[in-house]
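Chemist: Attaching a single structure in structure tokens format; questions to follow.
The values are calculated or read from the model by the stated rules, or taken from the named source; none is laboratory data. Predicted, not measured: the structure shown is a model, and the values here were computed from it. With ideal geometry, Cβ positions are generated from the backbone for all residues, glycine too; neighbour counts draw on all protein chains shown.
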Amino acid sequence: MNQQATIMAEPVDIAEKMALITEHWRPRVAAEFTGQELRIVKVQGDFPWHFHEDYDEVFIGWKGEVRVEFRDRTVTVRPGQVFVVPRGIEHRTVADSEAEVLFIAAIGARNTGNVDDHIYTAPTGVRA
């Protein structure tokens, strides 16, 4: 089967793109692949409790520490670490001081999952 694929023009410099982000909790799309997006985001404070019905969410620590809180436990994600939150599991992210995170989610998926929050729900598809 002959399928047409699009090759990225150039590699994405994550540090350069992250430096352009000024808002917390507003993810930017750095790359798309096989129905997924690699998103980059700066975080600080508490994010609302939510879950994602249709996909697992993959967190990759880039700078600083982020806690992924569940109702029964907390996991800390540090730079160079990866953590997967399975679909349907309620969680929230918390950062005591500014941190930078990469995460993988389904293309166009709402960052707040099942919750529509006037402060934290970010527009989808915004490029880095």
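Chemist: Let me spell it out: the conditions are (1) in a strand (DSSP E or B); (2) in contact (Cβ under 8 Å) with a residue 24 or more places away in the chain; (3) more than 16 Å from Thr121 (Cα to Cα); (4) not small (Gly, Ala, Ser), and Gln44 meets all of them except one. Which number is the exception?
Modeler: (3)
Chemist: Tally the residues that are modelled with pLDDT of 95 or more, assigned to a loop (DSSP other than H, G, I, E, B) and more than 23 Å from Thr22 (Cα to Cα), restricting the search to segment 54-75.
Modeler: 4
Chemist: Scan segment 80-99 and report the pairs whose first residue is under 25 Å from Ala15 (Cα atoms) and whose second residue is modelled with pLDDT under 95 and in a loop (DSSP other than H, G, I, E, B), with Cβ atoms within less than 7 Å and a gap of 6+ or a chain change.
Modeler: Correct list of pairs: Val84/Asp56; Val85/Asp56.
Chemist: So, one more: In this structure, is Glu100 touching a Lys or Arg at 6+ places or on another chain (Cβ under 7 Å), under 18 Å from Ala122 (Cα atoms), among the charged types (D, E, K, R) and outside any loop (DSSP other than H, G, I, E, B)? Even if it seems obvious, please write down each step before you answer.
Modeler: Details: touching a Lys or Arg at 6+ places or on another chain (Cβ under 7 Å): yes; under 18 Å from Ala122 (Cα atoms): yes; among the charged types (D, E, K, R): yes; outside any loop (DSSP other than H, G, I, E, B): yes.
Yes.
Chemist: Return a yes/no flag: does segment 5-17 have any residue that is under 14 Å from the mean Cα position of the chain (by Cα), more than 15 Å from Ala109 (Cα to Cα) and assigned to a strand (DSSP E or B).
Modeler: Taking every residue of segment 5-17 in turn, none turns out to be under 14 Å from the mean Cα position of the chain (by Cα), more than 15 Å from Ala109 (Cα to Cα) and assigned to a strand (DSSP E or B).
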